[in-house]
Amino acid sequence: MFRSLFSKISPFLIVKEAKAGANKITPNEQRLVDFCALSVEDTQKRFGEGQDGLSATQVEELRDEFGPNELRVGEKTGVAMDILLRFKNPLVVQLLLIALVSLWTGDLPSAVVVGGMIFLSVALAFFQERRSGHAVEKLQEMVRTDCIVIREGKEVEIPMAEIVPGDQVVLHAGAIIPADLRLISTKDFFLSQSALTGESMPVEKNAAPCDLAGKGIIELSNACFQGSNVVSGTARALVVNTGNRTYFGSISEKLAGQRVQTSFDRGIAGFTWLMIRFMVVMVSAVFLIRALKEHDWMEALKFSLSAAVGLTPEMLPMIVTVNLSKGALAMSRKKVIVKKLNSIQNFGAIDILCTDKTGTLTQDKIVLEKHVDVTNRTSDDVLRYAYMNSYYQTGLRNLLDRSILSHTDLDVERSCKKVDEIPFDFSRKRMSVVIDYECDHVLICKGAVEEIYGVCDRYQVDDDINPLIDVIKNDLMEEYEALSKDGYRVVAIAYREYPRDKQVFSVADETHLILLGYIAFFDPPKESAARALETLAKMGVRTKILTGDNALVTRKVCRDVGLEVDKIITGDQLRAMTPEQFSAATEEVNVFARLSPSQKSEIIQALQKRGHVVGFMGDGINDALALKVSDVGVSVDTAVDVAKEAADIVLLEKSLLVLEEGILEGRKVFGNIIKYIRMGASSNFGNVFSFVGGCVFLPFEPMAPIQLLVNNLLYDCSQLAIPTDKVDEEYLLQPRKWNIDNVKRFMVYVGPISSIFDYATFGLMWFVFHCSLHQAKGDVYEKLFHTGWFVESLLTQTLIVHIIRTRKIPFFQSSPSLPLALGTIIVVAIGAWLPYSPFANQLGFVALPGRFWLWMAAFMISYAFLCHGVKVWFHKKFGAD
């Protein structure tokens, strides 16, 4: 019976915890390291692997043991659990309690209304986020990636999920690495690890044994890691680790934890608990006053619950959700998928945007940018020789060769023909072609600068050829180093002329060459990057680059896009810092290079602790942790699955210009949410004085419970159009953050203004309209009092929306949206009509005298002027936030 492959070799793979801890790698990663240290023959023996690959029986047993080759980033919640989790909101819990107590006391209307508000707010959030989640899933389902393996002596193409440890994988240009692999044979094999490391340049891989030797595991020259892709060449490899046992499997497992609270979450929670504490104190006071005064505890409870319904911002979940849903729909029209509604507001609040370099600032492709002689002057000869070398080589062309051939189009076949070729190998790190050119056989060699220098004894400048003595060699190396410091990947070009009678060439002929010059490659910046960074800066958003690429390349890219770089800090330098130095560095420095995935997330968390709202944009495996801990994580549809899973927002176009639109939309959303919060907080605070004062000084309730409910319903309806409202352009110029202390101050200063006019209405009804003649409960004078305060309360509460919605003079300098204006007019009209309507008797209203409306007009004008004046003074003293 076939025993487990890994059971056979387990003694060899046992790793002591001390060793794993010292290398800071997981046991699964250590398993790969151990295989990489073996020769190809020993590796295959340890696996029991032959040329024919695994049998069907072996595959089945291995799959049973190790499971599918899939990343598990946490279990998805079902529909029922998703809905239940939304009821954890403290405001929803409060409203549920009010609804239940209302049912217990027989107050069915209050229970129905509050229940309806809860249902609408929870249902809206649920359906919107589910719809966005399905859109992202459909994007992922559009792409199915297969790979080629050898099983039972045949090459078969299977889905990546069906790969098992021990499989022999066939790799070719364009293939995605399906798991963590140990290479067993290669030919001109180049790999892109940008998704893992952030480095845009391809790396060479081979099958020779190697060990860590102080390097990171990702630098193993004979290992390939899941998420990389083949740039050029062919290879065969053995699968060592699959699924969550791969290099970034540990990263995906970390993503399964609960997401950290964002700026939006903290802001909503702070306001919610502020209003809950406020409501509990107020309702308790009203209950005790009414109970002690009336000696009817049940009636006092009903009245206090009615007051609680009227004073609790039960519309907050709905207003927030509708605002966020509107923002999500607006973003979807701009090819942006919003996975988490809260991220819309967080978008507007960010004051620091952290982003990876590759593919965001750059085009994520390699182009030939310079062809220079040894003095760093542009040389057509260097370009022509490099082109002929790439054109005539018969090996698989790598990314650099394709860049050379696409840079220009030379008709080389008319002037020369190929004679021979010396292929590339990893020990020489160079390759040569020999061509019949200008009456000679010319050997053109291209390769790593140090290796080319080692086989050159002369150099050429223009038409002059001079000896390459050590002193000159050191001077010429300075030009190469200057190019490297500018962030270029540099390849040297050399040549030697042979007589035409020499037809066969070998490595031994790569001697006494003439150094001609260099070709320099670079990942060019996007044309839109500089403009996008400038726009973000004008919007008050600082940009920080967090990349796994090296500092030299990063500095050049930043310089090319106009991002000032006073200092670059690398991951190694960060490790040597104290926590205080680390925190200070994250604030002061705007470019970080050679970062590990965990360091990216640590930088973001340090910035958050310093009071910043941080966004992060990335698309690689190495970006997943940073995407999760940021206040808003942004990825793209072409990103790796684990990055899309961790992101809050998925862009269908990888551009910083799209972020500009998202930030503006987020600030609009926050502006409209804060309108409701300020209005609700100030109005409720003012009503405290009115309710408590009325309960203390009046011989009857200031307003009947059913009237409180209707007042609350109409007032809430007037708020439904707030998500459609316009936001002043001045408000969108800077990041907007939650400031609960400012909300408290606004509540204290603006709230009592409504109480002034409430008490004025009390006096008006008591003395002018003779409600002091009240004799018995429910008589006409009590109803007249209730009716007068109902109308005044509704009108002033509705009016305050237009005062608070802008820092400018309402209607004259800043007009509301049409739906909000119409909603206000309709609610005011209904409130004025109800005392004369057929429903007046059922609601306890009586017709108001005509002169009452003259008083109301005077009150409303006075209220508008006084409230606007206090608002202007408040913003000048305490700011817009």
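Rounded to two decimals, what is the ratio between the C-alpha radius of gyration of the stretch 760-842 and 2.2 N^0.38 Å?
That ratio works out to 1.38.
Please express the shape of the chain as an equivalent ellipsoid: the semi-axes are the square roots of 5 times the eigenvalues of the C-alpha gyration tensor, given largest first in whole angstrom. Could you put the intermediate results ahead of the total?
Values: eigenvalues 1038, 193, 84 Å².
Working through the eigenvalues yields semi-axes of 72, 31, 20 Å.
Counting only DSSP beta bridges with both residues in the chain, what percent are antiparallel, rounded to the nearest 5?
Counting only bridges with both partners in the chain, antiparallel ones make up about 75 percent.
With every protein chain present, what accessible area does Leu713 have (1.4 Å probe, heavy atoms only), rounded to the nearest 10 Å²?
60 Å²
Based on the Cβ-Cβ distance from Glu564 to Glu661, what FRET efficiency comes out when R0 is 30 Å, to the nearest 0.05?
Working from the Cβ atoms, E equals 0.75.
Got the relative contact order for the stretch 794-881 handy, in percent, Cα pairs under 8 Å and 6 or more residues apart?
The normalised contact order for the stretch 794-881 reaches 39 percent.
So, R0 is 22 Å and r is the distance between the beta-carbons of Val280 and Tyr759; what FRET efficiency does that work out to, to 0.05?
0.35
Please give me the summed charge of the neighbours of Lys726: other residues whose Cβ is under 14 Å from its Cβ, Lys and Arg +1, Asp and Glu -1.
Charge balance in the 14 Å sphere: +2.
Pairs to check: Lys335/Lys726; Lys187/Lys600; Lys326/Lys365. Give those whose C-alpha atoms are more than 30 Å from each other in this structure.
Lys187/Lys600; Lys326/Lys365, as the Cα separations exceed 30 Å there.
Per-residue accessible area for Cys210 at 1.4 Å probe radius, Å² rounded to 10?
Cys210 exposes around 20 Å² with every protein chain in place.
Excluding residues on the same chain fewer than 8 positions from Lys293, give the lysines whose Cα lies under 21 Å from its Cα.
Lys302, Lys777, Lys783
Calculate the dipole size of the stretch 461-551 relative to its Cα centre from +1 charges on Lys and Arg beta carbons and -1 charges on Asp and Glu beta carbons; express the result in debye to the nearest 20. Walk me through the intermediate numbers first.
Details: 11 positive and 17 negative charges, 162 e Å.
That gives a dipole near 780 debye.
For the stretch 562-628, what does the alpha-carbon gyration tensor say about shape, rounded, prolate or oblate, given a ≥ b ≥ c as the root eigenvalues, a/c under 1.5 as rounded, and a/b over b/c as prolate? Intermediate values should be presented prior to the final figure.
On the way: a/c = 1.27, a/b = 1.21, b/c = 1.05.
Rounded.
With a length cut of 30 Å (Cα positions projected on each helix's long axis) and a Kyte-Doolittle mean of at least 0.0, go through the chain and give me the DSSP H helices that pass.
Details: long enough: 108-141 (48 Å, 0.57); 263-294 (46 Å, 1.11); 656-697 (61 Å, 0.72); 740-763 (34 Å, 0.50); 780-804 (36 Å, 0.82); 850-878 (42 Å, 0.62).
Span-like helices, by this rule, are 108-141, 263-294, 656-697, 740-763, 780-804, 850-878.
Just the Cα atoms of the stretch 354-473, one point each, no solvent: what log10 I(q)/I(0) does Debye give at q = 0.18 Å⁻¹?
Values returned for q = 0.18 Å⁻¹ are -1.10.
If you place +1 on the Cβ of every Lys and Arg, -1 on the Cβ of every Asp and Glu, and leave all else neutral, what size is the dipole of the chain about its Cα centre, to the nearest 20 Debye?
Charge dipole, the chain, about its Cα centre: 3700 debye, nearest 20.
Largest first, what is the accessible-area ranking of His407, His612 with a 1.4 Å probe?
Result, largest first: His407, His612.
Excluding residues on the same chain fewer than 8 positions from Lys446, give the aspartates and glutamates whose Cα lies under 13 Å from its Cα.
Asp401, Glu421, Asp425, Glu510
Net charge around Leu274, counting only other residues with Cβ within less than 14 Å of its Cβ (Lys, Arg = +1; Asp, Glu = -1)? Each step should come with its number before you reach the end.
Details: positive: Arg266, Arg277, Arg678, Lys744, Arg745; negative: Asp741.
Net local charge, Leu274 excluded: +4.
Would you mind finding the longest exposed-site-free stretch of the chain, with exposed GluC sites (Glu not before Pro) meaning DSSP loop and at most 10 other Cβ atoms within 10 Å?
76-437
Quick check: with the 1.4 Å probe, what order do Thr724, Thr554 take by accessible area, largest first?
Thr724, Thr554
I want the local charge near Glu661. Using Cβ-Cβ distances under 12 Å, sum +1 for each Lys or Arg and -1 for each Asp or Glu among the other residues.
Spelling it out: positives minus negatives among the neighbours equals +2.
Given a 1.4 Å probe and the protein chains all in place, what does the accessible area of Lys365 round to, in Å² to the nearest 10?
The accessible area comes out at roughly 100 Å².
With the cut-off at 1.5 for a/c, could you classify the stretch 683-788 from its C-alpha gyration tensor as rounded, prolate or oblate? All intermediate terms of the calculation are to be shown ahead of the outcome.
Details: a/c = 3.08, a/b = 2.20, b/c = 1.40.
Cα axes put the stretch 683-788 in the prolate bin.
Given contacts defined as C-alpha pairs under 8 Å and at least six residues apart, what's the relative contact order of the chain, whole-number percent?
Computed over the chain, the figure is 12 percent.
Rank Asp475, Asp425 by accessible area, highest first, at a 1.4 Å probe radius?
So, going from the largest accessible area down, we get Asp475, Asp425.
Starting from the Cα gyration tensor of the stretch 370-419, take the square roots of the eigenvalues, sort them a ≥ b ≥ c, and report rounded, prolate or oblate (rounded when a/c is under 1.5, otherwise prolate if a/b is larger than b/c, else oblate). Write out the running numbers ahead of the final one.
Numbers: a/c = 2.02, a/b = 1.37, b/c = 1.47.
Oblate, because a/c is 1.5 or more while a/b does not exceed b/c.
Taking only C-alpha pairs under 8 Å that are 6+ residues apart, what is the relative contact order of the stretch 754-831 in percent? If you can, show how the numbers build up before the last one.
Working: 41 pairs, mean separation 20.2, N = 78.
Relative contact order, the stretch 754-831: 26 percent.
What length, rounded to one decimal in nm, is gained on full extension from Leu288 through to Val504, with 0.36 nm per residue of separation minus their alpha-carbon distance? Please list the in-between numbers first.
Details: separation 216, 0.36 × 216 = 77.76 nm, distance 10.73 nm.
Fully extending the segment from Leu288 to Val504 adds 67.0 nm.
Quick one: Kirkwood hydrodynamic radius for the stretch 507-632, alpha-carbon pairs, angstrom, one decimal? Walk me through the numbers before you get to the answer.
Details: mean 1/r = 0.0610 Å⁻¹.
Taking every pair of different Cα atoms in the stretch 507-632, averaging 1/r and inverting gives 16.4 Å.
For the chain, what does -39500 (n - 2.57) per DSSP helix run (n ≥ 4), summed and divided by total residues, give at 222 nm, in deg cm²/dmol to the nearest 500?
-16000 deg cm²/dmol
The values are calculated or read from the model by the stated rules, or taken from the named source; none is laboratory data. In this text, all values refer to a predicted model and were calculated from it rather than measured experimentally. Cβ sites come from the backbone with ideal geometry, for glycine too, and all protein chains shown count toward neighbours. With ligands, DNA and RNA removed, areas are computed over all heavy atoms of the protein, side chains included. Shrake-Rupley method; radii C 1.70, N 1.55, O 1.52, S 1.80 Å.
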